[in-house]
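Step one of this worksheet: look at the structure below.
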Amino acid sequence: MYDILKGKFLIADDAMKNWRMLLFLSLLAIVMIASSHNAESKVHEIAKLNNEVRELRTQFVDGKTELMRLKMESSIIKKMTRKGLKRPTSPPRKIIVKN
């Protein structure tokens, strides 16, 4: 234990295998950190895209509701009376054109 604390295992005659193991473990630690960072950034991106989807869905529903309100017969009649058009009293007739 004392030799490990002093670092003698790194300067001994057979230290090359110890250095290789330390470099390998360091490389594995770097790969693990990079992988963790990459996964975390993807999680943040997914959360951001989910928020954007919710916002777009809300805009779609609002637009659809507004369209339904504008297509209602009562709102069309109000707009037409402002422009001077009145609701017809007789039903429409089919016009047939013969050549």
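Rule-based calculations on the coordinates, nothing more; no lab input. Just so it is clear, the model here is predicted, and its values are computed rather than measured. Glycine also receives a Cβ, built like all others from the backbone with ideal geometry; neighbour counts cover every protein chain displayed.
Calculated from DSSP H runs of 4 or more alone, at -39500 (n - 2.57) each and per residue, what is the 222 nm mean residue ellipticity of the chain, nearest 500? Could you put the intermediate results ahead of the total?
Values: 3 runs with 72 residues, N = 99.
Counting only the DSSP helices, I get -25500 deg cm²/dmol.
Of LEU10, ALA47, THR89, which is farthest along the charge dipole of the chain in the positive direction, counting Lys and Arg as +1 and Asp and Glu as -1 at C-beta?
Farthest towards the positive pole: THR89.
Under 20 °C and 1.002 mPa s, how fast does the chain diffuse according to Stokes-Einstein, given a Kirkwood radius computed over C-alpha pairs? Answer in µm²/s, whole number. Please list the in-between numbers first.
Details: Rh = 22.2 Å.
This corresponds to a translational diffusion coefficient of 97 µm²/s.
Using the Cα centre of the chain as the reference point, and only Cβ charges (+1 on K/R, -1 on D/E), how large is the resulting charge dipole? Debye, rounded to the nearest 20.
Here the chain has a charge dipole of around 1880 debye.
By how many degrees, between 0 and 90 and to the nearest 10, does the Cα long axis of helix 73-82 differ from the longest principal axis of the chain?
Here the helix axis deviates by roughly 60 degrees.
What FRET efficiency would be calculated for the residue pair SER75, ARG54, taking the C-beta separation as r and a Förster radius of 41 Å, to the nearest 0.05?
Numbers: r = 29 Å, r/R0 = 0.71.
My answer for the efficiency is 0.90.
Which loop trypsin sites (Lys or Arg not before Pro) in the stretch 9-95, with loop taken from DSSP, have no more than 15 other Cβ atoms within 10 angstrom of their Cβ?
Passing sites in the stretch 9-95 are LYS83, LYS86, ARG93, LYS94.
What is the ratio of the Cα radius of gyration of the stretch 59-99 to 2.2 N^0.38 Å, with N the residue count, to two decimals?
Cα Rg divided by the expected 2.2 N^0.38 Å: 1.76.
Taking the number of other C-beta atoms within 10 Å as the exposure measure, put VAL43, VAL97 in order starting with the fewest.
On the way: VAL43 10, VAL97 4.
So the ranking, lowest neighbour count to highest, is VAL97, VAL43.
Distance in nm between label sites at ARG20 and MET32, each 7 Å beyond Cα in the beta-carbon direction?
For the pair ARG20/MET32, the computed spacing is 2.2 nm.
Along the stretch 10-25, what does the Karplus equation 6.51 cos²θ - 1.76 cosθ + 1.60 (θ = phi - 60°) give for ³J(HN,Hα), rounded to whole Hz, x for Gly and Pro?
Computed from phi, the couplings for the stretch 10-25 are 8, 10, 6, 5, 9, 6, 4, 5, 5, 5, 4, 5, 5, 5, 5, 5 Hz.
Count of lysine pairs in the chain with Cα atoms under 29 Å apart, counting only pairs 8 or more residues apart in sequence or on different chains?
16
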